[in-house]
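J.: Here you go, one structure.
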Amino acid sequence: MFCGCANQFGAEPNTNVCPVCLGMPGVLPVPNERALQLTTLTGYLLNCEVPRFAKFDRKNYFYPDVCKDYQITQFDFPSTTTGHVDFEFGDGIERVRITRAHIEEDVGKNNHFAKHSGVDFNRAGVPLLEIVSEPDLRSADMAYEYLNALKDILIYGGISDCDMEKGMVRCDVNISVRPKGEEKLGVKVEIKNMNTFSGVRRAINYEVPRQISTLESGGTLVQETRRWDDVAGITESMRTKEH
């Protein structure tokens, strides 16, 4: 996104890296013009407003896959805002509002082995288009159909090949429950980096009953990040939201 390293899937670990994407002292990022153009096009495809001014921000992270301890992203002035996606669901047409679609740099990838872990920074700095939706999705099946509609739009517009086997599409799912008739959303739990739409559907179908059961038994929910274990069919706590 801000350097000239190749975006090459399957390359040997830590071969497509440079001082810029590794955040070495004295280097300056230069935005990828094509990535900015595709972000703007995405805004039009998603019926978004495209402002005349946008800017980048640093977001601090303290995780091993973020070699700079910060990520260059967009916060208060993103590239696109307030859009929507219409798609077929059930017997009608549903609409999901888009909060924003902004461009940022990706982070590295943690690789875990039997006795140790390593980090591959080839992916660090790769352009990442993040599309954020409003809490309009009311079921796992609705989320599944929305994601497929979004994927079709991005492929049609030439934004991405959306090859999920190559990690071109990843989903973070925010889930909260509330009593029937209540407008205020409950505590939000985030499930990170899901790479299949069927996995998203299964994770939601597991997580919603888990949250309801916890509350009905007198327990409390905490705002946290969880991971989806596709083999076991469960979500597991990774970390609470500290930053």
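J.: Check whether at least one residue in the range 109-125 is at pLDDT below 95, over 22 Å from VAL20 (Cα atoms), among the hydrophobic types (A, V, I, L, M, F, W, C) and out of contact with any Lys or Arg (no Cβ under 8 Å at 6 or more places or on another chain), and report yes or no.
T.: Within the range 109-125, one or more residues are at pLDDT below 95, over 22 Å from VAL20 (Cα atoms), among the hydrophobic types (A, V, I, L, M, F, W, C) and out of contact with any Lys or Arg (no Cβ under 8 Å at 6 or more places or on another chain).
Each row is one residue, and each column tells you yes or no for (1) buried (at least 17 other Cβ atoms within 10 Å of the Cβ); (2) more than 25 Å from LEU45 (Cβ to Cβ).
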{"position": "ASP91", "(1), (2)": "no, yes"}
{"position": "GLU94", "(1), (2)": "yes, no"}
{"position": "ILE98", "(1), (2)": "yes, no"}
{"position": "GLU104", "(1), (2)": "yes, no"}
{"position": "VAL107", "(1), (2)": "yes, yes"}
{"position": "GLY118", "(1), (2)": "no, yes"}
{"position": "ALA124", "(1), (2)": "yes, yes"}
{"position": "LEU137", "(1), (2)": "yes, no"}
{"position": "ASP141", "(1), (2)": "no, no"}
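J.: Tally up the residues in the range 42-59 that are in a helix (DSSP H, G or I) and either under 27 Å from TYR70 (Cα atoms) or not assigned by TED's automatic domain parsing to the domain that holds ASP76 (or both), please. I'd like the intermediate steps shown before the answer.
T.: First, pick out the residues of the range 42-59 that are in a helix (DSSP H, G or I): 42-45.
Subset that is either under 27 Å from TYR70 (Cα atoms) or not assigned by TED's automatic domain parsing to the domain that holds ASP76 (or both): 42-43.
So the count comes out to 2.
J.: Is there a residue being without any contact (Cβ under 8 Å) to a residue 60 or more places away in the chain, within 30 Å of ARG95 (Cβ to Cβ) and outside any helix (DSSP H, G or I) anywhere in the range 61-72? Please lay out each step first, then the result.
T.: Initial filter on the range 61-72 (without any contact (Cβ under 8 Å) to a residue 60 or more places away in the chain): 63-71.
After this cut, where a residue has to be within 30 Å of ARG95 (Cβ to Cβ) as well, the list is none.
No, the conditions are met nowhere in the range 61-72.
J.: Among the numbered conditions (1) assigned to a loop (DSSP other than H, G, I, E, B); (2) surrounded by 14 or more Cβ atoms within 10 Å (Cβ to Cβ); (3) modelled with pLDDT under 95, tell me where GLU183 comes up short.
T.: The failed condition is (2).
J.: Among what's in the range 199-237 and is outside any loop (DSSP other than H, G, I, E, B) and of a type in the set (A, V, I, L, M, F, W, C), pick the residue that is nearest to ARG170 (Cα to Cα).
T.: Pass one, the range 199-237, residues outside any loop (DSSP other than H, G, I, E, B): 199-216, 224-229, 234-237.
Narrowing further to those that are of a type in the set (A, V, I, L, M, F, W, C): 200, 203-204, 208, 212, 215, 228, 234.
On the way: VAL200: 10, ALA203: 14, ILE204: 15, VAL208: 20, ILE212: 26, LEU215: 29, TRP228: 13, ILE234: 18 Å.
Out of the qualifying residues, it is VAL200.
J.: Using beta carbons and a limit of 8 Å, which pairs, at least six apart or on different chains, have the first residue in the range 208-219 and under 18 Å from ASP141 (Cα atoms) and the second one assigned to a helix (DSSP H, G or I)?
T.: What qualifies is VAL208/ALA140.
J.: So which of VAL119, VAL96, VAL169 is in a strand (DSSP E or B) and within 17 Å of the chain's Cα centre (by Cα)?
T.: The conditions single out VAL96.
J.: Also: Say whether the condition of being in a loop (DSSP other than H, G, I, E, B), among the polar types (S, T, N, Q) and more than 17 Å from ASP172 (Cβ to Cβ) is met by at least one residue in the range 129-143.
T.: Going residue by residue through the range 129-143, those that are in a loop (DSSP other than H, G, I, E, B) are 134-139.
Applying the additional criterion that residues be among the polar types (S, T, N, Q) yields 139.
Checking the rest, the ones that are also more than 17 Å from ASP172 (Cβ to Cβ) come to 139.
Checked the range 129-143: at least one residue is in a loop (DSSP other than H, G, I, E, B), among the polar types (S, T, N, Q) and more than 17 Å from ASP172 (Cβ to Cβ).
J.: Just checking, does the range 15-22 include any residue being more than 26 Å from TYR156 (Cβ to Cβ), assigned by TED's automatic domain parsing to the domain that holds PRO127, hydrophobic (A, V, I, L, M, F, W, C) and touching a Leu at 6+ places or on another chain (Cβ under 9 Å)? Working first, answer last.
T.: Let us first name the residues in the range 15-22 that are more than 26 Å from TYR156 (Cβ to Cβ), namely 15-22.
From what is left, the residues that are assigned by TED's automatic domain parsing to the domain that holds PRO127 are 15-22.
Remaining after also requiring hydrophobic (A, V, I, L, M, F, W, C): 17-18, 20-22.
If we keep only those that are touching a Leu at 6+ places or on another chain (Cβ under 9 Å) too, we end up with 20.
There is at least one residue in the range 15-22 that is more than 26 Å from TYR156 (Cβ to Cβ), assigned by TED's automatic domain parsing to the domain that holds PRO127, hydrophobic (A, V, I, L, M, F, W, C) and touching a Leu at 6+ places or on another chain (Cβ under 9 Å).
J.: Within the range 15-45, how many residues turn out to be under 23 Å from the mean Cα position of the chain (by Cα) and either among the small types (Gly, Ala, Ser) or more than 17 Å from PRO127 (Cβ to Cβ) (or both)?
T.: 4
J.: Also, I was wondering about something else. Criterion first (in contact (Cβ under 8 Å) with a residue 24 or more places away in the chain, over 30 Å from ASN60 (Cα atoms) and loosely packed, with under 13 Cβ neighbours inside 10 Å) does GLY233 satisfy it? Let's see the steps before the verdict.
T.: Values: in contact (Cβ under 8 Å) with a residue 24 or more places away in the chain: yes; over 30 Å from ASN60 (Cα atoms): yes; loosely packed, with under 13 Cβ neighbours inside 10 Å: yes.
So GLY233 fits the description; yes.
J.: Given the residues ILE175, ILE191, ILE155, which is the only one that is in contact with an Asp or Glu (Cβ under 9 Å, 6 or more places away or on another chain), among the hydrophobic types (A, V, I, L, M, F, W, C) and loosely packed, with under 14 Cβ neighbours inside 10 Å?
T.: Numbers: ILE175 fails: loosely packed, with under 14 Cβ neighbours inside 10 Å; ILE191 fails: loosely packed, with under 14 Cβ neighbours inside 10 Å.
Checking each option against the conditions leaves just ILE155.
J.: Let me ask something additional. Can you find even one residue in the range 49-63 that is of a type in the set (Val, Ile, Thr), surrounded by 14 or more Cβ atoms within 10 Å (Cβ to Cβ) and closer than 29 Å to SER133 by Cα? Explain how you work it out, then say what you get.
T.: Of the residues in the range 49-63, the ones of a type in the set (Val, Ile, Thr) are 50.
Subsequent filtering for residues that are surrounded by 14 or more Cβ atoms within 10 Å (Cβ to Cβ) retains 50.
Subsequent filtering for residues that are closer than 29 Å to SER133 by Cα retains 50.
Checking the range 49-63: at least one residue is of a type in the set (Val, Ile, Thr), surrounded by 14 or more Cβ atoms within 10 Å (Cβ to Cβ) and closer than 29 Å to SER133 by Cα.
The values are calculated or read from the model by the stated rules, or taken from the named source; none is laboratory data. Predicted model, so just to flag it, every value in this text is computed and none were measured. Cβ: placed from backbone, ideal geometry, glycine included. Neighbour counts: every protein chain shown.
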